[in-house]
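Below is one structure, written out as structure tokens; comments come after it.
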Amino acid sequence: MFTKIKEYFREVIAQLKQTTWPTKESTKNMTLLVVCVAALLALYLGGIDFLLQKIMGILI
């Protein structure tokens with residue numbers, strides 16, 4: 001049983017060594033992109049919510 005656990009961790013370490021990690025610049029750019037897309041989506045949904053509130057206010 002312990003040999004299987006050791007083998008598992010040995011394979012995990014081998015896979016992690018093969019991983020290509022992103023550069024700091026790439027990580028910074030992708031983080032900025034995610035923040036900008038989230039902000040734009042929040043503005044879009046907020047605008048739709050505002051318009052729907054005004055329409056419902058007129059109808060009711």
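Nothing in this text is a laboratory measurement; each read-out follows from the coordinates by a stated rule. Remember, it's a predicted structure, so these values are computed and weren't measured experimentally.
Between rounded, prolate and oblate, where does the chain land on the alpha carbon gyration tensor, with a ≥ b ≥ c its root eigenvalues, rounded for a/c under 1.5, else prolate if a/b exceeds b/c? Cα axes put the chain in the oblate bin.
Per-residue Karplus couplings for region 16-33, computed as 6.51 cos²θ - 1.76 cosθ + 1.60 with θ equal to phi - 60°, are listed in order as 5, 5, 7, 5, 9, 8, x, 6, 4, 5, 5, 4, 4, 5, 5, 5, 4, 4 Hz, Gly and Pro entered as x.
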